[in-house]
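J.: Below you'll find the structure I mean.
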Amino acid sequence: MPTIRLPPGAGVSHFRRGVRLDGASVLKWALLASAILCPASQARADYRLHVGDVVEISVARAPELKQRVPVQLDGSISFPMLGNLPIAGLTPSEAQARIQAIMATKVFRQRISDGRENEIMIDHDEVTATVVEYRPVYVNGDVSKPGEYAYRPLMTVRQAVALSGGYELVRYRMQNPILEAADLRAEYETLWAEFAKEQTHVWRLKTELGEDKNLDRSSLKDLPLGQSTISEIVHVEAEQLKARQENYDRQKEFLQRAIALGQNQVGVLTEQQKQDDEGAQADIDELQRTM
């Protein structure tokens, strides 16, 4: 089913905050909502600024002050002559009035071409603050191109669906809630089975390291799995532990025999070296006697 998530503060007659369209009557309600139009002034009055909106502030006689500022996570904007000003929850006109009231108390020192400074008394009517970017609309469900789309004032549900490529009835008809529930249940059980496997895997590794000898089955008892499934998982890890232990024992025995054989060879070579040294010394003694 299509789901449309809208920027908080969107026009009531067009979008309500947190609107989610789903269920069998989604087409009827979507078309009905998109058919209801309200005057632009009402939509603008209903819109409330929120995190993610971008406001452009400009001063008529000081074009260098023109700047776009986003509404930050704390609901405020940051502007050189305003500091941090909270505006989240205000309508655009209320935000502009607050910005104008503060800016009208400021004096802007403008540096002119000859190096001198020109003081400008900012007038209330010279300050404008307009929303130039709105938080996006998210369309999901039985549409051709689900995703994020730019929100515009007076946008209707029908227009949002049109931006996402229109309704994809074939996709809806292909989705069987019963089959989806079965798939989700299978995925749910698969994930728990993976969890149980990891638990027994940790036990096997600890056992191999000599840290743990007995599996704590109480940690597996409360899992939403059948006892046969849990027993099979434990059996597989236990068999692998047994095989690895036997392999370890064989390798250990082989290395012990190799060490013993090496030690014997060292003894033989040491004795042979001793005999060779004695023979060499006898040859030297014989040579000295004949000279």
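J.: Looking at Gln72, Gln96, which one is modelled with pLDDT of 75 or more and assigned to a loop (DSSP other than H, G, I, E, B)?
T.: Gln72
J.: Another question about this same structure. Anything in segment 153-162 that is out of contact with any helix residue (DSSP H, G or I) (no Cβ under 8 Å at 6 or more places or on another chain) and surrounded by fewer than 17 Cβ atoms within 10 Å (Cβ to Cβ)? List them, or say none.
T.: Correct list: Ala162 only.
Residue-by-condition table, conditions (1) in contact with a Lys or Arg (Cβ under 6 Å, 6 or more places away or on another chain); (2) at pLDDT below 80; (3) not aliphatic (A, V, I, L, M):
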site: Arg152; (1), (2), (3): no, no, yes
site: Met155; (1), (2), (3): no, no, no
site: Arg158; (1), (2), (3): no, no, yes
site: Ser164; (1), (2), (3): yes, no, yes
site: Tyr167; (1), (2), (3): no, yes, yes
site: Tyr172; (1), (2), (3): no, yes, yes
site: Pro177; (1), (2), (3): no, yes, yes
site: Glu180; (1), (2), (3): no, yes, yes
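J.: Still on this structure: Return a yes/no flag: does segment 76-90 have any residue that is part of a helix (DSSP H, G or I), within 39 Å of the chain's Cα centre (by Cα), at pLDDT 90 or above and surrounded by 17 or more Cβ atoms within 10 Å (Cβ to Cβ).
T.: Within segment 76-90, not a single residue is part of a helix (DSSP H, G or I), within 39 Å of the chain's Cα centre (by Cα), at pLDDT 90 or above and surrounded by 17 or more Cβ atoms within 10 Å (Cβ to Cβ).
The values are calculated or read from the model by the stated rules, or taken from the named source; none is laboratory data. Here the structure is a predicted model, which means the values were calculated and not measured. All Cβ positions, even for glycine, are placed from backbone atoms using ideal geometry, and neighbour counts span all protein chains on display.
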